[in-house]
1. Which residue pairs have Cβ atoms closer than 9 Å, lie 6 or more positions apart in sequence or on different chains, and pair a first residue in the range 222-248 that is closer than 16 Å to Tyr43 by Cβ with a second residue that is acidic (Asp, Glu)?
2. Do the conditions hold for Ser151, that is, is it of a type outside the set (Val, Ile, Thr) and farther than 19 Å from Ser119 by Cα?
3. Quick one: is Ile215 buried (at least 19 other Cβ atoms within 10 Å of the Cβ), over 17 Å from the mean Cα position of the chain (by Cα) and modelled with pLDDT of 90 or more?
4. From the list Ile111, Ile120, which residue is aliphatic (A, V, I, L, M) and in contact with a Ser or Thr (Cβ under 7 Å, 6 or more places away or on another chain)?
5. For the range 187-195, check the following and say yes or no: at least one residue is modelled with pLDDT under 95 and within 17 Å of the chain's Cα centre (by Cα).
6. Any residue that is without any contact (Cβ under 8 Å) to a residue 24 or more places away in the chain, farther than 14 Å from Tyr194 by Cβ and part of a helix (DSSP H, G or I) - is there at least one of those in the range 130-149?
7. Give just the number: which of (1) surrounded by fewer than 13 Cβ atoms within 10 Å (Cβ to Cβ); (2) of a type outside the set (D, E, K, R); (3) farther than 23 Å from Trp90 by Cβ does Ser151 not satisfy?
8. Asn172: polar (S, T, N, Q), under 17 Å from Asn138 (Cα atoms) and free of Cβ contacts under 8 Å to residues at least 60 places away in the same chain, yes or no?
Amino acid sequence: MSYISSIRAILSISFLLISQTALSAYTFTAPPRETSEKGYQVYNPIAKFLTKSTGHEFIYKQQNSWGEYIKGMRGQKYDLVFDGPHFVDWRIHEINHHTLLKIPHLLQWRIITGKNNASINKIEDLAGKKTCAPGSPNFGMLNLFSHFKDSAKQPVHVEVKGWNNVYKSVKNGDCVAGVLPKKNHQIFDGEGKYTKHIHTHLPYPNQAFTASPKIPESIREKIRSALLSEEGHKAMENLRKRYTGGTKLVSAVDEEYDSIHSLLIQAKSFNQ
């Protein structure tokens, strides 16, 4: 083989390897619930671990806004995603994602008001009243507003960031009511010293990882196995501290999330 032919062969092989690497690079993301710095602390170790354990590159992409996140989701820009059950189910039904792992605890939303507020005893009493919740498309907020089919009789949504601030806003009287996870309410006011709950929703499956159709089944199973390993749970340590109190995630199946996405379809903030 001539020198020129050898160079051509080397370049061809190099190009092929580069192409294969580019094709196997997957985008991993999550909602913009954290600052950029915090987002990378929670999720980037997972991307690095998956790159090492699967032999395929995973790149974590931090989202700057909910609008950007939703646009990218609808445009099928993400290959691996960790977020709430309403988004999980939407991706399963609309863009053929598959669930991999989930937080094991069931998710229950609780609506609270001040302990001595005798005028608020059921959901319907919140019509026209200031109610604190994270901004749409937060699952808890969507769940609450789904009870009010007549928009003229809906609560007045006061956007609050963080479950502790939802609780404090109700405790301090800044909002008549608030919606937050049951477990958080139990942590903040387990004895009911300052607040009472007027409704607790039926439980839902919790946050989960989903993989897009771009990731072949064989690689999806590699991801699942890797994250379920001891090394995988170590890579998810910051995520587990943030969302599970340290509890390990478990395997999940698509059917667990069936029909939850109906709340998301009704949300104006998702369909704009």
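1. Arg242/Glu34
2. Working: of a type outside the set (Val, Ile, Thr): yes; farther than 19 Å from Ser119 by Cα: yes.
Here the answer is yes, as Ser151 does meet what is asked.
3. Working: buried (at least 19 other Cβ atoms within 10 Å of the Cβ): yes; over 17 Å from the mean Cα position of the chain (by Cα): yes; modelled with pLDDT of 90 or more: yes.
Spelling it out, Ile215 is indeed buried (at least 19 other Cβ atoms within 10 Å of the Cβ), over 17 Å from the mean Cα position of the chain (by Cα) and modelled with pLDDT of 90 or more.
4. On the way: Ile111 fails: in contact with a Ser or Thr (Cβ under 7 Å, 6 or more places away or on another chain).
Residue meeting the stated conditions: Ile120.
5. no
6. Among the residues of the range 130-149, at least one is without any contact (Cβ under 8 Å) to a residue 24 or more places away in the chain, farther than 14 Å from Tyr194 by Cβ and part of a helix (DSSP H, G or I), which makes the answer yes.
7. (3)
8. Values: polar (S, T, N, Q): yes; under 17 Å from Asn138 (Cα atoms): no; free of Cβ contacts under 8 Å to residues at least 60 places away in the same chain: yes.
Judged against the criteria, Asn172 is not a match.
The values are calculated or read from the model by the stated rules, or taken from the named source; none is laboratory data. On a predicted model such as this, the values are computed, not experimentally measured, just so you know. No Cβ is skipped: glycine too gets one built from the backbone with ideal geometry, and neighbour counts run over all protein chains shown.
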